[in-house]
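What follows is a set of notes on a single structure, which appears directly below.
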Amino acid sequence: RRRRWDIYRFKMATRRRDELLAIQEEVQARWATEKTFETERDPSRPKYFVTFPYPYMNGFLHMGHAFSLSKTDFAVGYQALKGCNVLFPFGFHCTGMPIQASAGKIKRE
C-alpha cells in the first residue's frame, strides 16, 4: 500500500513539474516573439543604470537576496515605464575569499 502511495506522489510531482515546464516554454516563446526584454536605445531619453550587490555563492540563497533584488527589479521596471534607457546587468559573483572561507569551513567540519 505504501509503495502505491509513493508511485502516486511521484506521478503527481512529475505531472506538476511537466505543467510548469510547459508554461515556462510557452511564456518564454511569447517573450521572444514580443521582444519583451529587448529595448532600443534612444539618445533623447534619460539614462538609468542600476547595479545589485551580487550574492556570494558561499552559502544558500535566502529571502534577503530576494528582498534586495526585488527592490532593484522594481526600480528598473518603473524607470523603464517612465521611458528611460535602462541598463540592469545582473549575475552571480564569486571571489576568492568566500571560496577560501567555504574550504576552511569544510576542512574544520
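Computed from the coordinates by the stated procedures, all read-outs in this text should not be read as laboratory data. For clarity, every value in this text was computed on a predicted model and none was experimentally measured. Every residue, glycine among them, receives a Cβ derived from its backbone with ideal geometry; neighbour counts consider all protein chains shown.
Quick notes
- Vicinal HN-Hα couplings computed from phi for region 63-74 (Karplus, 6.51 cos²θ - 1.76 cosθ + 1.60; Hz; Gly/Pro x): 4, x, 5, 4, 4, 5, 5, 5, 5, 5, 4, 4
- Potential lengthening of the chain between ALA32 and ALA101 amounts to 20.8 nm, from the contour at 0.36 nm per residue minus the alpha-carbon distance.
- Residue by residue, region 20-36 carries 3J(HN,Hα) couplings of 5, 5, 5, 5, 4, 4, 5, 5, 5, 5, 5, 4, 5, 5, 7, 6, 4 Hz when phi is fed to the Karplus relation 6.51 cos²θ - 1.76 cosθ + 1.60 (θ = phi - 60°); x denotes Gly or Pro.
- Per-residue ³J(HN,Hα) for region 47-53, Karplus 6.51 cos²θ - 1.76 cosθ + 1.60, θ = phi - 60°, Hz, x for Gly and Pro: 9, 9, 10, 9, 10, 10, x
- Put a dot 7 Å past the Cα of SER44, heading toward its Cβ, do the same for LEU61, and the two dots end up 3.9 nm apart.
- A cut-off under 15 angstrom between Cβ atoms defines the neighbours of LEU87, and their net charge, with Lys, Arg +1 and Asp, Glu -1, is 0.
- Between GLU19 and PHE74, the C-beta separation translates, for a Förster distance of 30 Å, into a calculated FRET efficiency of about 0.60.
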